[in-house]
Amino acid sequence: MQQIALNRFATAHVVYEFKCRNTDVDLRPYAGEIIEELQGWCELRFKPEEIEYLRSIRWFKPGYIDFLARYKPRFEDLTIESGDELTMTVSGTWAQTILWEVPLLAIVSEVYFRNTQPSDAAIDQGTHRLWDKIDWLKTLLEDEPETGSRFRFAEFGTRRRYSRKWHKEVVRALSACLPAEVMLGTSNVLLAKEMGIKPFGTMAHEYLQVCQAYAPLPLFLEYALDQWAHEYRGDLGIALSDVVGMDAFLRAFDLYCCKLFDGVRHDSGDPGIWCNKLIDHYELHAVDPKTKTAVFSDGLTIDKAWGLTREFADRIQVVHGIGTNLTNDMGFPALNIVMKVVECNGQPVAKISDSPGKTMCKDKVYLAYLAKVFGLEQQLEAEGI
């Protein structure tokens, strides 16, 4: 994401806003500790061996790697206030600020649980639950070999993990105990480097939101898909479908995109309805769905992922991104925290999800206009917006 921000949206100025969706959680008592951790993060730099590892990833261009070698997060890009709730805003050029989201969310989660949940008890419970998942999955792989031969997932849990140390233990256990063709890798590039497994990721919501500021609104999805294809030239070929709903996405995902992109990622709404629509869309364009991939990543557990594989893997290739259920299943609710782009180049941008409650926008007039353009008025009404 940062590479395309640097190379194709170098002048884009964005505003990110943090939101905690847990109505019973007050983060204000931990503001000082969060600030201290974020100040420490801003002092970090890529190590030479890390830069060399990134150079080995084929879709990273040399100019981008050189940018990373000099990259320094700027604490002055952050505004943090403790009013009725803890608010955090990051603003600046997109290429400079894009790396804030994941560390900020991971820090908030770790600081909160460090102060509210006893570490030993949490780790004991987390260890028990993790090994139950691993043992259960190994049993499924043996008992249902037809589904097992097609079951694949990557670990996607950095943002809402219990802690950095625990995250490392989870990825180590998964990669050591499961076949490489089942446990594909992790979205955490540092852990991928350290453990010799594959880094794994897809297009993010913020990319499609930023593109709302760069094209006529009815055509922003076509513009976003086109720019992505030109930047990555066939690599990173999984498109994201849910910024203005699956139906609008499929209208933009024409024959060219069906053939060019490797597949599509699901991140909101009913996964069964979504996947049937995707398969039907490929068939309508005379593209064999079995040559394409459906990536599921919305609040998955191992059993949900297994069920989706069982249901769809004979019609389309299936991959899962499993996050919080692996890295923060410790016997208590994880934080439901997000960091979203709400403005680009002085104009509002938004995501209208296929799931109620995920919409986030500063400007209700713009949100209403976005909904009207893509026929989503009833969805906003159902959310009470």
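Annotation: amide H of Thr186 within the under-5 Å range of Glu155, Lys198, Phe200, sequence separation 5 or more or interchain, hydrogens built in the peptide plane.
Out of the DSSP beta bridges found with both residues in the chain, what percent are antiparallel (nearest 5)? Roughly 50 percent of the DSSP beta bridges within the chain come out antiparallel.
Give, rounded to the nearest 20 debye, the magnitude of the charge dipole that the chain has about its Cα centre when Lys and Arg contribute +1 at Cβ and Asp and Glu contribute -1 at Cβ. Intermediate values should be presented prior to the final figure.
On the way: 43 positive and 55 negative charges, 186 e Å.
For the chain, the charge dipole is close to 900 debye.
Hey, what does the equivalent ellipsoid look like for region 1-59, semi-axes from the Cα gyration tensor as sqrt of 5 times each eigenvalue, largest first, whole Å? Provide the component values of the computation, followed by the final result.
Values: eigenvalues 191, 72, 28 Å².
The equivalent ellipsoid of region 1-59 has semi-axes of 31, 19, 12 Å.
First check a/c for region 9-128, with a ≥ b ≥ c the square roots of the eigenvalues of its C-alpha gyration tensor; if it is under 1.5, answer rounded, and if not, answer prolate when a/b is larger than b/c or oblate otherwise. Note, shape of region 9-128 comes out oblate.
Region 1-71: which trypsin sites (Lys or Arg not before Pro) are DSSP loop and have at most 14 other beta-carbon atoms within 10 angstrom? Each step should come with its number before you reach the end.
Working: sites: Arg8, Lys19, Arg21, Arg45, Arg55, Arg58, Arg70; in loops: Arg21, Arg45, Arg58, Arg70.
Sparse-neighbourhood loop trypsin sites (Lys or Arg not before Pro): Arg21, Arg45, Arg58, Arg70.
Name the shape class, rounded, prolate or oblate, that the alpha-carbon gyration tensor gives for region 276-385, where a ≥ b ≥ c are the square roots of its eigenvalues, rounded holds for a/c under 1.5, and otherwise prolate holds if a/b is larger than b/c and oblate otherwise. Here region 276-385 falls in the oblate category.
The value given for region 218-266 is a Kirkwood hydrodynamic radius of 10.7 Å, derived from the mean inverse Cα-Cα separation.
Stretching the chain fully between Lys304 and Thr93 yields a gain of 72.1 nm (0.36 nm per residue, less the alpha carbon separation). Say the dipole of region 1-88 comes from +1 at the beta carbon of Lys and Arg and -1 at that of Asp and Glu; which of Leu38, Tyr71, Phe18 then lies farthest toward its positive end? In region 1-88, that residue is Tyr71. Secondary-structure-derived ellipticity at 222 nm for the chain, considering helices only, amounts to -13500 deg cm²/dmol, per-run term -39500 (n - 2.57) for DSSP H runs with n ≥ 4. The simple Förster model, with R0 at 41 Å and r as the Cβ-Cβ distance, assigns Glu181 and Asp280 a FRET efficiency of 0.90. Based on C-alpha pairs under 8 angstrom that are at least 6 apart in sequence, region 230-277 has a relative contact order of 48 percent.
From the square roots a ≥ b ≥ c of the eigenvalues of the alpha-carbon gyration tensor of region 106-239, which class results: rounded (a/c under 1.5), prolate (a/b over b/c), or oblate? Before the final figure, lay out each step's value.
Working: a/c = 2.57, a/b = 1.47, b/c = 1.75.
Since a/c reaches 1.5 but b/c is at least a/b, the shape of region 106-239 is classed as oblate.
Sorting check: for 239-247, 131-139, 326-334, which peptide has the highest mean count of neighbouring beta carbons within 10 Å, and how do the rest follow?
Final packing ranking: 239-247, 326-334, 131-139.
At R0 = 30 Å, how high is the FRET efficiency between Lys372 and Asp26 if r is their beta carbon distance? Nearest 0.05 is fine.
Details: r = 37 Å, r/R0 = 1.22.
Once rounded, the FRET efficiency stands at 0.25.
Could you give the distance between the Cα centres of region 8-58 and region 91-155, to the whole Å? Comparing the Cα centres of region 8-58 and region 91-155, I get a distance of 18 Å.
Database remark: amide H of Glu343 closer than 5 angstrom to the amide H of Val15, Val349 (H placed geometrically; neighbours at sequence offset of 5 or more, or on other chains; Pro and chain starts carry no H). For the chain, the percent of C-alpha pairs falling in each 20 Å distance bin, counted from 0 to the bin holding the largest distance, reads 27, 62, 11. Normalised per residue, the accessible area of region 147-294 is 38 Å², obtained with a 1.4 Å probe and no contribution from ligands, DNA or RNA. Keeping the other protein chains in place, figure out the carbon and sulfur percent of the accessible area of the chain, with a 1.4 Å probe. After summing per-atom areas, the C and S share lands at 50 percent.
Nearest 20 debye, what's the magnitude of the dipole of region 182-246 about its Cα centre given +1 on Lys and Arg Cβ and -1 on Asp and Glu Cβ? Walk me through the intermediate numbers first.
Numbers: 3 positive and 7 negative charges, 45 e Å.
The dipole magnitude comes to about 220 debye.
Return the subset of Lys168/Lys193; Lys47/Lys193; Lys351/Lys372; Lys138/Lys304; Lys19/Lys133; Lys47/Lys165 for which the Cα-Cα distance in this structure is over 18 Å, preserving the input order.
On the way: Lys168/Lys193 12 Å; Lys47/Lys193 12 Å; Lys351/Lys372 13 Å; Lys138/Lys304 15 Å; Lys19/Lys133 30 Å; Lys47/Lys165 20 Å.
Pairs exceeding the cut-off: Lys19/Lys133; Lys47/Lys165.
Can you list which of the GluC sites (Glu not before Pro) found in region 1-104 are DSSP loop residues with at most 14 other C-beta atoms within 10 Å?
Values: sites: Glu17, Glu33, Glu36, Glu37, Glu43, Glu49, Glu50, Glu52, Glu76, Glu81, Glu85, Glu101; in loops: Glu43, Glu85.
Passing sites in region 1-104 are Glu43, Glu85.
Look at the dipole of the chain built from charges on Cβ: of Thr327, Pro289, Thr87, the Cα furthest out on the positive end belongs to Pro289.
Accessible area per residue for region 57-145, computed on protein heavy atoms with a 1.4 Å probe, is 52 Å².
The values are calculated or read from the model by the stated rules, or taken from the named source; none is laboratory data. Remember, predicted model here, so these are calculated numbers, not experimental data. Positions of Cβ are generated from backbone atoms using ideal geometry, with glycine treated the same way; all protein chains shown enter the neighbour counts. Note: areas computed on protein heavy atoms with side chains; ligands, DNA, RNA excluded. Shrake-Rupley method; radii C 1.70, N 1.55, O 1.52, S 1.80 Å.
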